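A.B. asks: Mind having a look at this structure? Questions to follow.
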Amino acid sequence: MRGGGWLHEPVVQIMGKSSSEDRVLGIASAFSGMVVIAATIAIVFFGAERLLRSDTEASAVKWTENVLANAPDFDAILAGDKPTARNLDFLGAALRGGDIFRYKIYNADGQLLQISDDLAAGGSDRAALESQRVDLAPPIFAGKVFSQARIGTPPGRPEFYTEAFVPIVDQQGKILGVIDVFVDNTQRRALYLQWLAGILGALLIVAATGFAVPATSLWFRSRRKRVAEQHLRFLAQHDTLTGLANRTRFLDNLTSALKIHADEGRQLALHFIDLDRFKEINDAFGHAEGDAYLRDIAERLSKLVDRPEYLGRLGGDEFAVIQPELSGAKHAEIYAERICSALTGKYDINGYKVISTASVGVAVAPQHGTSAAQLLRSADVALHQVKLAGRNAIGVYTADLDDLLKRRLALQADLRKAFENDWFSLHYQPQYDLKTRRLTGFEALLRMQHPDRGFISPIEFIPVAEEIGLIVPLGEWVLYEACRTAVNWPDTIGLSVNLSPAQFRQGDMPEIVEKVLNQTQLAPRRLALEITEGLLMESSQSVFDQLQDIRALGVALVMDDFGTGYSSLGYLWQFSFDTIKIDRSFVHALGSGSNVESLLRSIINIGESLDLRVIAEGVENAEQAQFLMANSCRHVQGFLFGRPVPESDVMGIIDKDARNAEKTHAEPLRPSRHTVAA
């Protein structure tokens with residue numbers, strides 16, 4: 001539309017069409033009959049035109065009221081801001097029902113703010129909009145709807161349609177803006193013209209029929225509009241993917257439930273649910289499979305709630321459940337466990353059996369909040385702590401969690417500073433062969449020294465680094481520094497480096513390993529990369545391909561923390577490992593009177609039968625070493641043989657090992673100056 005007035009597009013006058021029936025009837029009828037017929041036709045015609053205009057304006061007003069009531073961030077559009085993605089999605093969905101096919105939004109000064117034609121482009125070009133301004137018609141300033149019938153130009157428009165300019169007024173009657181609603185009248189107008197033609201053939205009989213047919217048609221069209229309006233309201237309050245209540249509707253439901261329970265003196269719980277592996281599934285299999293997975297999750301959760309309004313999808317991979325009539329916090333924990341059990345298991349995604357789990361944060365009202373916002377925040381804090389602790393668990397809010405969250409946020413800031421200010425360093429823990437009593441290699445371990453807080457444990461900062469995305473550049477730095485150091489060691493000394501699952505998500509891990517080996521000139525056969533079961537649980541083709549490509553470089557693969565996951569055995573034949581590393585928890589449990597000795601023997605036998613190298617970590621006393629040696633586990637690592645040391649102390653350990661090798665009768669290994677006494 002060009003700048004200027006409202007009338008720059010062609011206007012059509014709605015008029016009846018003459019036909020041969022008109023002429024035959026006129027010749028056969030008396031002058032008085034012709035006058036009566038003409039008068040009747042004129043009355044019916046103008047009445048139909050009025051009815052058509054009134055119905056059209058009512059449609060435009062109803063659609064506008066729904067938009068004003070339900071569209072997110074609409075006030076910001078009237079203020080001249082660029083529409084948000086939520087607003088564009090909502091308005092786009094609003095055009096997919098009923099007879100409204102286009103709209104324009106103007107401010108009170110007649111400046112064009114938004115056109116529905118621009119939705120596909122993600123919002124209007126602000127510069128182009130600001131150049132378009134119109135003069136508002138006088139009836140609009142009086143708060144009245146102003147409409148004009150139009151023909152189907154430019155191409156692509158309906159054959160007949162009406163523009164209805166609906167004013168937007170505040171409670172004081174001030175005009176805030178105008179929505180120009182385009183209503184498709186093609187079918188409706190055809191019905192009216194058909195009706196008028198019937199009246200010309202047989203005035204009285206067809207007149208009765210003429211009123212009945214449009215009335216019936218209007219009833220059906222009104223019903224269609226009601227269905228479209230109901231759909232519009234549904235879209236405003238529900239998640240289109242799963243059909244569950246969206247965040248706004250769910251919080252309204254939670255507010256209502258809180259009020260009812262408060263009036264009756266009862267408790268309720270809010271369960272905030274996060275899917276532990278949704279991002280990996282979405283990245284590995286695509287959005288279509290990710291959407292199917294979310295629908296599966298919604299279906300499982302729906303079976304746990306008694307009332308559908310007590311379940312909602314808050315966004316992304318976050319869901320929430322209201323548990324009414326709570327008897328206490330323990331009752332909430334039991335229900336949260338049911339949620340975790342329902343969501344944990346294998347999902348068939350594109351032919352792959354993917355294991356997925358969920359984390360749940362729980363808050364109880366009124367102890368942890370009396371409003372929907374307070375209760376949701378408390379549940380979110382509890383959920384955050386669960387994710388920090390490793391996911392796949394439940395957590396109930398306590399006041400202490402707020403302090404933990406603040407410390408977590410401070411650590412995030414410290415990590416960014418640490419990477420920039422060289423607070424990170426590498427330590428190396430020696431590994432030995434019990435049979436030959438020789439040093440076989442070192443494991444590179446990341447350390448962080450804070451200038452004020454001192455040493456910070458990797459157990460504390462590694463999960464935070466993964467959470468904020470720092471683990472990828474940090475992991476590459478660790479790999480480079482460790483290889484750069486190891487290239488100066490004797491050729492018989494190997495190097496082990498741990499990798500995080502996050503380092504595989506971009507799909508370029510083999511290229512990074514190859515680049516580091518080329519830069520440092522470390523022989524690939526001397527490098528072993530340790531990965532945990534967390535990576536293998538992703539079961540994606542991308543992970544499998546990357547591991548195969550890394551092995552093709554000549555680099556060894558080590559399954560770290562073997563035995564701690566319930567599916568570790570299944571991964572041994574799916575992925576080509578060179579070494580399994582027995583988790584320290586099994587070694588520490590030796591002598592406890594449990595069945596750990598049998599378990600350790602089984603793990604060692606599995607390694608031998610599959611021709612895999614087996615190494616035990618966490619060896620801290622001679623009894624543990626003797627048990628491992630007696631059961632053919634030659635390779636060990638732990639405080640008994642050496643603590644992790646800085647790079648400057650590594651050559652001393654290597655030199656000491658070389659001196660021991662020169663002795664004709666070497667004594668059994670004993671703790672070094674870096675060990676802890678048994």
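The values are calculated or read from the model by the stated rules, or taken from the named source; none is laboratory data. These numbers were taken from a predicted model, which means no experiment stands behind them. Counting neighbours? That spans all protein chains shown, and the Cβs are built from the backbone with ideal geometry, glycine included.
A.B. asks: Within the set of pairs 6+ apart or on separate chains, which have a first residue in segment 598-619 that is assigned by TED's automatic domain parsing to the domain that holds G441, a second that is hydroxyl-bearing (S, T, Y) and outside any loop (DSSP other than H, G, I, E, B), and C-beta atoms under 9 Å apart?
C.D. replies: Close Cβ pairs (under 9 Å, with a partner that is hydroxyl-bearing (S, T, Y) and outside any loop (DSSP other than H, G, I, E, B)) amount to G607/T579; L612/T579; R613/T579; V614/T579; I615/T440; I615/S496; I615/T579; G618/S585.
A.B. asks: In segment 272-298, which residue that is more than 17 Å from S359 (Cβ to Cβ) and touching a strand residue (DSSP E or B) at 6+ places or on another chain (Cβ under 6 Å) is surrounded by the fewest Cβ atoms within 10 Å (Cβ to Cβ)?
C.D. replies: In this case the residue turns out to be E289.
A.B. asks: Also, quick follow-up: Run Y432 past the list (1) closer than 29 Å to E333 by Cβ; (2) in the same structural domain as E617 (by TED's automatic domain parsing); (3) not small (G, A, S) and report the number of the one that doesn't hold.
C.D. replies: Status for Y432: all satisfied but (1).
A.B. asks: Could you list all residues from segment 630-650 that are surrounded by fewer than 13 Cβ atoms within 10 Å (Cβ to Cβ) and not hydroxyl-bearing (S, T, Y)?
C.D. replies: The answer is A630, P646.
A.B. asks: Is at least one residue of segment 424-444 more than 22 Å from H635 (Cβ to Cβ) and not polar (S, T, N, Q)? Outline the logic, then answer.
C.D. replies: Quick first cut of segment 424-444, residues more than 22 Å from H635 (Cβ to Cβ) only: 424-425.
Filter once more, so that each one left must be not polar (S, T, N, Q): 424.
There is at least one residue in segment 424-444 that is more than 22 Å from H635 (Cβ to Cβ) and not polar (S, T, N, Q).
A.B. asks: While we're on this one: Would a scan of segment 443-455 turn up a residue that is of a type in the set (D, E) and under 20 Å from M651 (Cβ atoms)?
C.D. replies: Yes, segment 443-455 has at least one match.
For every residue, the table says whether it meets (1) buried (at least 21 other Cβ atoms within 10 Å of the Cβ); (2) more than 18 Å from F220 (Cα to Cα); (3) more than 40 Å from the chain's Cα centre (by Cα).
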{"site": "I151", "(1), (2), (3)": "no, yes, yes"}
{"site": "P158", "(1), (2), (3)": "no, yes, no"}
{"site": "T162", "(1), (2), (3)": "yes, yes, yes"}
{"site": "I175", "(1), (2), (3)": "no, yes, no"}
{"site": "V181", "(1), (2), (3)": "yes, yes, no"}
{"site": "Q194", "(1), (2), (3)": "no, no, yes"}
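A.B. asks: Need pairs with beta-carbon distance below 8 Å; first residue part of a loop (DSSP other than H, G, I, E, B) and within segment 181-205, second surrounded by 14 or more Cβ atoms within 10 Å (Cβ to Cβ) and modelled with pLDDT of 70 or more; sequence gap 6+ or separate chains.
C.D. replies: Sorted first by the residue in segment 181-205, then by its partner, the pairs are N185/L52; N185/T56; N185/D99; N185/A149; N185/P158; N185/F160; N185/Y161; N185/T162.
A.B. asks: Please go through segment 499-521 and give me each residue that is closer than 15 Å to G554 by Cα and assigned to a loop (DSSP other than H, G, I, E, B), ordered by number.
C.D. replies: Q521
A.B. asks: In segment 249-290, how many residues are over 30 Å from L535 (Cβ atoms) and either of a type outside the set (S, T, Y) or not assigned by TED's automatic domain parsing to the domain that holds L375 (or both)?
C.D. replies: The total comes to 20.
A.B. asks: Conditions: (1) at pLDDT 80 or above; (2) in contact with a helix residue (DSSP H, G or I) (Cβ under 7 Å, 6 or more places away or on another chain); (3) small (G, A, S); (4) surrounded by 15 or more Cβ atoms within 10 Å (Cβ to Cβ). G97 meets all but one. Number of the miss?
C.D. replies: G97 satisfies all of (1) at pLDDT 80 or above; (2) in contact with a helix residue (DSSP H, G or I) (Cβ under 7 Å, 6 or more places away or on another chain); (3) small (G, A, S); (4) surrounded by 15 or more Cβ atoms within 10 Å (Cβ to Cβ) except (1).
A.B. asks: Taking segment 422-435 as the search range and keeping residues that are of a type in the set (A, V, I, L, M, F, W, C) and either at positive phi or outside any strand (DSSP E or B) (or both), which one is nearest to the chain's Cα centre (by Cα)?
C.D. replies: Result: W423.
A.B. asks: Does T56 fit the bill of being buried (at least 17 other Cβ atoms within 10 Å of the Cβ), at pLDDT 80 or above and farther than 30 Å from R249 by Cα? Give the steps one after another, and end with the answer.
C.D. replies: Working: buried (at least 17 other Cβ atoms within 10 Å of the Cβ): yes; at pLDDT 80 or above: yes; farther than 30 Å from R249 by Cα: yes.
Here the answer is yes, as T56 does meet what is asked.
A.B. asks: If I go through segment 609-629 residue by residue, how many of them are surrounded by fewer than 14 Cβ atoms within 10 Å (Cβ to Cβ) and among the acidic types (D, E)?
C.D. replies: Number of matching residues: 2.
A.B. asks: Among the listed residues L479, L474, identify the single one that is crowded, with 18+ Cβ neighbours inside 10 Å, at pLDDT 95 or above, touching a strand residue (DSSP E or B) at 6+ places or on another chain (Cβ under 9 Å) and not in a strand (DSSP E or B).
C.D. replies: L479
A.B. asks: Take the residues in segment 546-561 that are at pLDDT 90 or above and among the charged types (D, E, K, R); name whichever of them is farthest from L527 (Cα to Cα).
C.D. replies: D549
A.B. asks: If D403 satisfies all but one of (1) outside the structural domain of L343 (by TED's automatic domain parsing); (2) in contact (Cβ under 8 Å) with a residue 60 or more places away in the chain, what's the number of the condition it fails?
C.D. replies: Here D403 meets the rest and fails (2).
A.B. asks: Still on this model: Residue check: is F419 part of a helix (DSSP H, G or I), closer than 27 Å to L535 by Cα, touching a helix residue (DSSP H, G or I) at 6+ places or on another chain (Cβ under 8 Å) and in the same structural domain as P646 (by TED's automatic domain parsing)?
C.D. replies: Here the answer is yes, as F419 does meet what is asked.
A.B. asks: When you look at G143, is it modelled with pLDDT under 70 and assigned to a loop (DSSP other than H, G, I, E, B), yes or no?
C.D. replies: no
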